[in-house]
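Remarks on the structure that follows.
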Amino acid sequence: MLTETNIARLSITGLTIETITAFNDNYIWSIQNHDQRCVLVDPGEAAPALSHLQQHNLELDTIILTHHHADHVGGVAELLRHYPKTKVIGPANDPVMMLTQSVHGGDRIDIFGETFLVIDVPGHTAGHIAYVGDGKLFCGDVLFSAGCGRVFEGTYQQMYDSLQKLASLPQETQVYCAHEYTSANLSFALAVEPENDLLHQYRDEVNRLRAQDKPTIPTTLRQEKWINPFLRCQEPNVMKAVSARTDDLSALSVFTALRDWKNDF
């Protein structure tokens with residue numbers, strides 16, 4: 001094992017995390033401490049982040065990035081114009097500009113006294129990374145609730161392995177992904193496992209939250225192992241669901257068939 005802008009405050013122990021909505025379905029995560037400093041995760045859009053900082057009288061200390069896609073890094077330059085002393089931490093193996101610190105898997109960073117481990121999770125992009133610490137996982141576009149990211153630059157093997165890395169973390173780990181894709185992902189998950197009672201219960205909860213314009217994130221790894229088909233490739237019902245799409249029912253082939261199916265869903 002790896003040793004409302006629409007803002008919703010999440011009442012959890014340790015660091016305080018707030019959601020900042022951006023674009024149509026992106027989440028920028030604001031990690032805050034007791035002395036009005038904050039860290040932003042994947043600020044793809046500057047305006048809602050600046051509004052959040054100013055509304056809450058926060059000083060931007062650090063930006064941490066998971067990968068190079070514009071909806072994750074597009075707000076960095078404008079944020080630095082307003083907060084020029086801000087540190088920018090991001091992946092060494094992804095083409096991210098303006099970094100003050102490049103990190104690889106196995107590196108550790110400090111966020112307000114909490115140590116976060118950097119994990120290499122390629123697949124969505126070649127150099128995608130995630131950060132885990134204080135019982136929280138910031139995973140960009142690798143793992144979503146009831147789904148996973150598309151494979152753009154890496155291979156299906158890499159993406160499968162990356163998801164397995166994340167799944168090996170403690171089950172109570174809270175998952176902070178970067179998009180509100182849960183409802184759409186659940187439609188696919190239910191096509192894969194229509195008789196999964198936990199999926200139906202989760203869909204009802206997600207529908208309730210979204211009807212109130214509330215985020216469905218964070219989720220937990222424990223919950224994802226119950227309802228996320230991409231973490232359930234060795235479950236008989238999932239294997240049966242893809243059996244018409246592949247003769248090879250190894251975990252990687254099941255994952256590949258699922259991802260291809262989801263691409264066209």
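The values are calculated or read from the model by the stated rules, or taken from the named source; none is laboratory data. Remember, predicted model here, so these are calculated numbers, not experimental data. Virtual Cβ from ideal backbone geometry, glycine too; neighbours counted across all protein chains shown.
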Report task. Starting from the stretch 64-78, take each residue that is β-branched (Val, Ile, Thr) and list its partners that are part of a loop (DSSP other than H, G, I, E, B), counting only C-beta distances under 7 angstrom and pairs at least six apart or across chains. Result -> Thr66/Asp42; Thr66/His128; Val73/Gly44; Val73/Leu65; Val73/Val96; Val76/Pro43; Val76/Met98
Query raised in the report: Of these, Ile111, Ile119, which one is more than 22 Å from Asp25 (Cβ to Cβ), crowded, with 17+ Cβ neighbours inside 10 Å and more than 16 Å from the chain's Cα centre (by Cα)?
Result: Ile111
Report task. Could you tell me which residue of the stretch 214-265 is farthest from the chain's Cα centre (by Cα), considering only residues that are surrounded by fewer than 21 Cβ atoms within 10 Å (Cβ to Cβ) and acidic (Asp, Glu)? Result -> Asp247
Report task. Scan the stretch 135-162 and report the pairs whose first residue is crowded, with 19+ Cβ neighbours inside 10 Å and whose second residue is assigned to a loop (DSSP other than H, G, I, E, B) and charged (D, E, K, R), with Cβ atoms within less than 7 Å and a gap of 6+ or a chain change. Result -> Gly140/Asp42; Gly149/Asp141
Report task. Restricting attention to strands (runs of 3 or more DSSP E) lying wholly within the stretch 129-199, give those where 3 or more residues are under 16 Å from the mean Cα position of the chain (by Cα) and under 12 Å from Ile217 (Cβ atoms). Result -> 136-140, 174-177
Query - Number of the exception - Gly106 against (1) modelled with pLDDT of 95 or more; (2) more than 19 Å from the chain's Cα centre (by Cα) - result: (2)
Query raised in the report: Ala77 passes all but one of (1) more than 22 Å from Tyr156 (Cα to Cα); (2) among the hydrophobic types (A, V, I, L, M, F, W, C); (3) assigned to a loop (DSSP other than H, G, I, E, B); which number fails?
Result: (3)
Report summary line: the stretch 203-265: helices (runs of 4 or more DSSP H) wholly inside it with 1 or more residues that are among the acidic types (Asp, Glu) are 221-227, 251-263
**Report entry** the stretch 26-52, subset of a type in the set (Gly, Ala, Ser) and farther than 15 Å from Gly90 by Cα, residue surrounded by the most Cβ atoms within 10 Å (Cβ to Cβ)
**Finding:** Ala49
Report summary line: Taking the stretch 44-72 and keeping only residues that are within 21 Å of the chain's Cα centre (by Cα) and in a loop (DSSP other than H, G, I, E, B), one is left with Gly44, Glu45, Leu65, Thr66, His67, His68, His69
**Report entry** Unmet requirement for Met97, which otherwise passes all of (1) out of contact with any strand residue (DSSP E or B) (no Cβ under 7 Å at 6 or more places or on another chain); (2) at positive phi; (3) not acidic (Asp, Glu)
**Finding:** (2)
Requested in this report: Test Gly123 against the criterion of being more than 25 Å from Ala241 (Cα to Cα), modelled with pLDDT of 95 or more and of a type outside the set (A, V, I, L, M, F, W, C), and give yes or no.
Outcome: no
